[in-house]
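The values are calculated or read from the model by the stated rules, or taken from the named source; none is laboratory data. Owing to the predicted nature of the structure, the values given are computational and were not obtained by experimental measurement. Cβ placement follows ideal geometry from the backbone for every residue including glycine, while neighbour counts extend to all protein chains displayed. Quick note on the areas: whole protein, heavy atoms, side chains included, nothing else; ligands and nucleic acids left out. Shrake-Rupley method; radii C 1.70, N 1.55, O 1.52, S 1.80 Å.
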Amino acid sequence: MPSCAKRFSPGLFALCLAFASAPAEAGNYAARIEYAELQTEGDTATIASQIEYRLSPVAKEALDKGVPLTWDVVMELREPGWLWDSVAYRSKQRYRLQFHALLNQYAVQTPQNHSEMFLTLSAALHFMASVRDQQPIPAAALQTGRYYQLAVRSQFNREALPIPLRPVAYLDHRWFLSSHWSLWPIQK
């Protein structure tokens, strides 16, 4: 028998097969972008979006044990091209959700480092759902008569998890809490 065949472990094969057969998406637990729009007020424009966050039981359990969960909401204004899109404007906002057991409340830290407290998880998630870009889009980024796409994504930040939990979060589909890119056409 070849020496490489002697070193192959059936247990390792079963472990690889289990991870390979796991779905690549969280399915019902991924965040979902409900809508996004470009809001104009005078000469300025901002991006507003509504996101639905659905936590898996594993993520809820970790949250209830004090593990903070972090999402980066990325908003882009893209101009479609022949081979690839060019990004006219990009913004990233970070939201952090944490349960404080002593207070029996959920805290949401906003991109402006402001913290809000909530009695229920659903109230905290509802607060996180409404995202509005705080920076106005420069007027030079939007040219009249051009076609643009508004792209929004909510990316679950696994690197913000405690180090012992990160490998599990990368391999377990119940931790795939990010949304896909969602696109909306804009005629300027």
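I need the shape label for the range 98-181. Rule: rounded when a/c is under 1.5, else prolate if a/b > b/c, else oblate, with a, b, c from the alpha carbon gyration tensor. Because a/c hits 1.5 or more and a/b fails to exceed b/c, the range 98-181 counts as oblate. Working ranking of peptides 174-181, 96-103 by packing, defined as the average number of other Cβ atoms within 10 Å per residue, highest first, is 174-181, 96-103.
The mean accessible area for residues of the range 56-188, using a 1.4 Å probe and ignoring ligands and nucleic acids, is 56 Å² per residue. According to the Cα-based calculation, Rg over Rh for the range 81-147 is 1.20, with Rh computed by the Kirkwood formula.
Accessible area per residue (1.4 Å probe, heavy atoms of protein chains only) ranks LEU69, LEU38 as LEU38, LEU69, with the largest value leading. For the range 40-167, the share of accessible area belonging to carbon and sulfur comes to 53 percent (1.4 Å probe, ligands and nucleic acids excluded). Straightening the chain between GLU61 and ILE163 buys 35.0 nm, computed as 0.36 nm per residue apart minus the Cα-Cα spacing.
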